[in-house]
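Every number here is computed from the coordinates shown, using simple stated rules; none is lab data. All of these numbers come straight from a predicted model, not from anything done at the bench. Neighbour counts run over all protein chains shown; Cβ positions are idealised from the backbone, glycine included.
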Amino acid sequence: MLFLSYKRLNGSYLMEKFNINNIDTEDSLVKHEGVVSKINNDVVTVSLMGNINCEACNAKSACGVSESNTKEIEVHNITQSLKLNENVEVLLRKNQGLKAVFWAYVFPFILLLVVLLIASSFFAEWMAGVLAIVVLIPYYAMLYVLKNAFKKTFQISILKTA
């Protein structure tokens, strides 16, 4: 089974072909079943359903996808003709998922801890705690500003299911 992934490079799209039968999907891809809930030009919104693959994933406690029954994700799609309420699979390479978990959860925790430890040697405990939390505001603001760069980095693909 083949699926196509498109990456944007210098204003144009490069197509990558993957043969899913040749990829050990348990080790290299995270798959989530979903339903197309909205189509807007070349952006498809997919409502993800609960996934049994989350049970075997090492990052499930930090991921957030496994916690709820449904989540929505926007996927850039320029080639496939999809219809509303069509069943699809959303695919992401596992190493990209771990990078996303790092930037969303691990790095902010390390930042909070380092600021708390350094600030506690100069300020009162309550002030060090407040400062550690306040430092997260510009961090998450920076993530928001850089969200387009992260969208390019974390390429998500859609695979139609029968």
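Just a few scattered comments:
- Pairwise label distance in nanometres, S37 with L143, each label 7 Å out on the Cα-Cβ vector: 2.0
- Database remark: amide H of L29 closer than 5 angstrom to the amide H of K94 (H placed geometrically; neighbours at sequence offset of 5 or more, or on other chains; Pro and chain starts carry no H).
- Note that the stretch 132-146 has calculated 3J(HN,Hα) couplings of 4, 6, 5, 5, 6, 4, x, 5, 5, 5, 5, 4, 5, 5, 8 Hz, one per residue in order, obtained from phi through the Karplus relation 6.51 cos²θ - 1.76 cosθ + 1.60 (θ = phi - 60°); glycine and proline are x.
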